[in-house]
Amino acid sequence: MRDEHRLLIALQDLDIMIKEVKDKATSKELQSLGFKLTGLSELQEAREKLAKKTPKGLLQRYEKLTEHFTVAILPVTGNLCLGCFVKLPTSFFSAVSRNELQTCENCGRLLYIP
Amino acid sequence: MKSMEASKLISFFEEDLCIFHLRSRKKMSVLTEIVHHLAVNNKISDEHFIIEMLKNRESLGSTGLGNGVAFPHGRSLAIKELSVLFARSASGLDFDALDGKPTKIFFLILAPSDKGSETYLAILSELIGLIQKPAKLKNLFEVTDYQALVKILEDKDL
Ligand SMILES: [Zn+2]
């Protein structure tokens, strides 16, 4: 997997966490269990740092997708896009494609083979 | 929040995913040790992403809730399936717990990104409820094998 793709995966993980903290029901639940969620600004700082390192075109593509989807980039397990559950073509798994970030033809999410 | 049956909760604990003698003595090295254990057991596709995620989670606020217990948790693209790991440190270590006391046991709960947060929240909630009883906690601090762990978790009188 290329380094730029790794950056995007880390960014997606972080964005999911930030979204959870910002979600009132989830953060209320976590706080009621005793967790203190005081470091949102630290998470946002870490996010900015990662975003700066990510190549611009790739970041734009990702951010456009996150306008529609919580999870914009996904690993492929089996032969399905786990975003929309459409079967992926066999060409998807060719040796050439293995290291590339690909796009689900049905939903547009970014897909990678872990 | 839906509650979970005790038997369902215990079914998440796998013998291979229990560490009864943690070697690490520091917060970050404990995270590394437990994540490595998951990788060895094929539960994750990449250690680096999980460690980063857990570090970020700790910067949001320590998951060391006090009373000697911590609940590191989160979701990542590198998690293959919902996984629960139990780890114990006989001497305890500084995990930035909210009460400042050493942390002796860890329940790590990880969920894949394509599942919602409710999957791990239900487990978290159930586990936190379970360890409220001081007698149960005391037993967990001393547990050194899987059968005993399951027994303690199951025991309604504890
Ligand atoms: Zn799709």
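Bear in mind that the values in this text are calculations on the coordinates, not laboratory data. Every value quoted in this text rests on a predicted model; they were computed, and no experiment measured them. We place every Cβ from the backbone using ideal geometry, glycine too, and count neighbours over all the protein chains shown.
The spread of Cα positions in the protein assembly as shown, taken along each principal axis and listed from longest to shortest, comes to 56, 37, 35 Å. Modelled label positions at A:Leu33 and B:Arg23, each set 7 Å beyond Cα in the direction of Cβ, lie 3.0 nm from each other.
When B:Val84, A:Val21 are ordered from fewest to most other Cβ atoms inside 10 Å of their Cβ, what list results?
Details: B:Val84 23, A:Val21 18.
Sorted ascending by nearby Cβ count, the order is A:Val21, B:Val84.
Paramagnetic label reach from A:Glu4 (point 7 Å along Cα→Cβ; backbone nitrogen cut-off under 19 Å): within segment A:84-114, residues A:96-104, A:109-114. How many percent of DSSP beta bridges within chain B run antiparallel, rounded to 5? Close to 50 percent. Each Lys and Arg adds +1 at its Cβ and each Asp and Glu adds -1 at its Cβ; summed about the Cα centre, segment B:12-150 shows a dipole of about 400 debye. Using the Cβ-Cβ distance between A:Thr66 and B:Glu14 with R0 set to 41 Å, the FRET efficiency from 1/(1 + (r/R0)^6) comes to roughly 0.75. Just the C-alpha atoms of chain B: what Rg/Rh do they give, with Rh taken as the Kirkwood radius? Here the Rg-to-Rh quotient is 0.92.
Peptide A:7-17 shows a mean partner chain C-beta count of 5 within 10 Å per residue C-beta. Mind checking the alpha-carbon convex hull of segment B:1-65 and giving the volume per residue in Å³? Hull volume over Cα atoms, normalised by residue count, gives 139 Å³.
Placing +1 on the Cβ of every Lys and Arg and -1 on the Cβ of every Asp and Glu, with no other charges, gives segment A:1-94 a dipole of roughly 160 debye about its Cα centre. Remark: relative contact order (segment A:3-112) = 24 percent; criterion is Cα-Cα distance under 8 angstrom and separation of 6 or more residues.
The alpha carbon convex hull volume per residue for chain A rounds to 119 Å³. For A:Leu111, the residues whose amide H sits under 5 Å from its own are A:Leu74, A:Gln102, A:Thr103, A:Cys104, ignoring neighbours fewer than 5 places away on the same chain, with H placed 1.01 Å from N. For segment A:8-81, GluC sites (Glu not before Pro) are listed when DSSP marks them as loop and at most 15 other Cβ atoms sit within 10 Å of their Cβ; the list is A:Glu67. Measuring between their Cα centroids, segment B:93-146 and segment A:63-114 lie 34 Å from each other.
Given a Förster radius of 35 Å and the C-beta distance between B:Lys136 and A:Lys56 as r, what FRET efficiency does 1/(1 + (r/R0)^6) yield to the nearest 0.05? E(calc), rounded to 0.05, equals 0.10.
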